[in-house]
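No lab work stands behind these numbers, since they all come straight from the coordinates. Quantities reported herein were computed from a predicted structural model and do not represent experimental measurements. Cβ atoms come from the backbone with ideal geometry, glycine included; neighbour counts cover every protein chain shown.
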Amino acid sequence: MKKAVLCVLLCFCVLFAGCDGFNTERTPEKEKKEEPQREVLTAEERWLASEKAWDYDGDGKTDGADYSVFLAYTAWYESLAATDYTGDRKIDYADYVYASAYTAWLGTEDASDYTSDGLTDGRDYDVWVDFCAWRKDGSDYNEDGKTDFSDYRTDMLFTAWREKSGEDHDDDGTVTYTDYLLADAVTAWKNSAFALDYNGDRAINYADYLLYTDENIWLASVLACDYTADEKRDGDDYAVWKEYLTWSVSAEAVDYSGDTVITTEDYFLADVFDRWFRENPIDVNGDRKTDAADFILYNKNKEFQGTFILEDFKATGVPARLKDSKFSLRYLEKNHSEFLFSVDIYGKMTCTYSEGVEKALGTDKERVDNAVAGAKLERKSEWVVTLTTTLVIEGIPTELTFYLTKTEKGYETTMRIVLQEQTVGVAFTIVYVKNA
């Protein structure tokens with residue numbers, strides 16, 4: 001029975017195979033289409049293929065290094081550290097670059113409190129960045145052989161000064177660092193009492209400042225004098241001149257020479273006055289006190305103090321009616337050597353005569369004495385001295401002024417005067433025979 005069943009099954013399988021029931025050959029119609037296997041991209045590759053890809057490191061190409069920067073930038077951007085460092089009212093890559101550089105700078109020796117506010121922060125970093133850019137073409141202001149931060153600071157101060165109030169102090173036509181260095185000193189000098197026209201060019205400028213401050217320039221100028229009387233002009237004389245200037249603008253300055261201006265003569269006379277005041281003060285002007293006014297008169301009179309005679313007295317053109325006067329210019333011409341004149345420290349002039357002259361004058365002696373008592377020798381300038389007196393001629397007071405010039409003997413004059421509508425020529429020499 002079992003054999004019969006097996007035979008049946010075997011026949012069935014043969015028949016089924018003949019009907020392609022067990023055909024294992026794959027045909028195009030029966031083959032299922034297989035999808036190609038897709039390539040898996042990395043995040044970096046996807047970024048490089050996206051519009052976000054950018055050459056962050058600036059090396060001319062966009063690659064994995066830029067992707068790494070992008071990741072760091074993104075992490076920073078999404079953190080609380082993200083800040084608008086550049087001040088353009090947005091937070092972007094420029095701020096990240098700044099933050100990265102600033103953070104790196106904080107870990108270097110360059111990090112310092114450049115703003116001197118007690119902190120080392122972004123403001124200091126900004127200064128350092130500006131300094132680095134400036135250093136490429138910066139100047140060695142302090143001339144120490146290197147261009148460093150001290151030079152940068154100087155340049156910042158100089159630039160700010162030039163833009164705000166820069167002035168050409170050295171008068172060379174341009175505002176330079178030299179003017180910046182001179183600014184405080186020249187400005188202080190211009191605002192002082194020592195700002196004077198030393199060179200006489202009718203302007204107070206840098207040339208005058210140099211004369212005041214530079215010893216060598218002063219020594220080469222007409223201002224240089226041998227104030228120390230050592231027969232040379234050097235730094236000691238310059239020092240005396242500077243001392244004189246300080247004295248001349250002080251409350252102690254006095255016109256001891258009486259020429260209405262304060263000069264070096266007055267400065268040197270100050271010591272003379274002190275000694276005179278201590279040793280021999282005289283109330284020359286009669287105001288019952290002894291002070292600089294007396295000293296001034298004392299010095300003025302001292303030049304003429306002494307005893308003198310008239311030498312070579314000549315008078316021409318004397319009116320005929322005056323020739324017969326007991327006291328006349330003609331008589332004085334003949335007997336001038338017998339008149340002896342004296343000037344005291346008060347400037348008062350007196351006259352003594354020989355016995356013969358006094359007898360000859362008779363009643364005219366009083367007139368002569370009055371004329372002499374009213375006479376005054378006075379220096380008007382460095383070159384001019386005057387002798388002034390008043391003569392009473394025929395009852396008319398006549399003021400006479402003789403202009404004298406200095407000689408080795410004393411003083412002399414040759415001049416013409418008008419007496420009662422007559423021109424008279426007078427010439428004489430004052431010869432000192434005894435000095436007080």
Footprinting exposure proxy for Ile396, Ile217 (fewest neighbouring C-beta atoms within 10 Å first): Ile396, Ile217
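Hey, with R₀ at 35 Å, roughly what FRET efficiency would Trp134 and Glu215 work out to, going by the Cβ-Cβ distance, to 0.05? Provide the component values of the computation, followed by the final result.
Working: r = 38 Å, r/R0 = 1.08.
FRET efficiency, Trp134 to Glu215: 0.40.
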How many nm is it between the label spots at Lys61 and Met415, if each spot is 7 Å from the Cα in line with the beta carbon? 10.9
Sorted largest first, extent of segment 47-106 alpha carbons per principal axis (Å): 31, 22, 19
Rank by packing, highest mean first: peptides 106-116, 293-303, with packing defined as the count of other Cβ atoms within 10 Å averaged across residues. 293-303, 106-116
How much length, in nm to one decimal, is gained on full extension between Phe277 and Trp54, taken as 0.36 nm per residue of separation minus their Cα-Cα distance? 70.6 nm
For Rg/Rh (Cα atoms, Kirkwood Rh), the choices are (i) 0.97; (ii) 1.64; (iii) 1.19; which was calculated from the structure? (ii)
Förster radius 56 Å - calculated FRET efficiency between Ser150 and Asp291 (Cβ-Cβ, nearest 0.05): 0.45
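Mind scanning Lys300/Lys334; Lys90/Lys136; Lys136/Lys164; Lys146/Lys190; Lys61/Lys90; Lys300/Lys359 and naming the pairs with a C-alpha gap bigger than 29 Å?
Distance filter (> 29 Å) returns Lys300/Lys334; Lys90/Lys136; Lys146/Lys190; Lys300/Lys359.
Could you give the length gained on full extension between Asp113 and Leu196, defined as 0.36 nm per residue of separation minus the Cα-Cα distance, in nm?
On the way: separation 83, 0.36 × 83 = 29.88 nm, distance 4.56 nm.
Fully extending the segment from Asp113 to Leu196 adds 25.3 nm.
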Could you pull out the GluC sites (Glu not before Pro) across segment 198-243 that fall in loop regions by DSSP (anything but H, G, I, E, B) with no more than 11 other Cβ atoms inside 10 Å? Glu231
In nm, give the distance between the simple-model label positions of Thr407 and Thr174, each being 7 Å from the Cα along the Cα-to-Cβ direction. 6.5
Around Ile91, what is the net charge, scoring Lys/Arg as +1 and Asp/Glu as -1 over all other residues with Cβ under 11 Å from its Cβ? -3
Compute the length gained on full extension between Thr228 and Glu252: take 0.36 nm times their separation in residues and subtract their Cα-Cα distance, giving the result in nm to one decimal. 6.5 nm
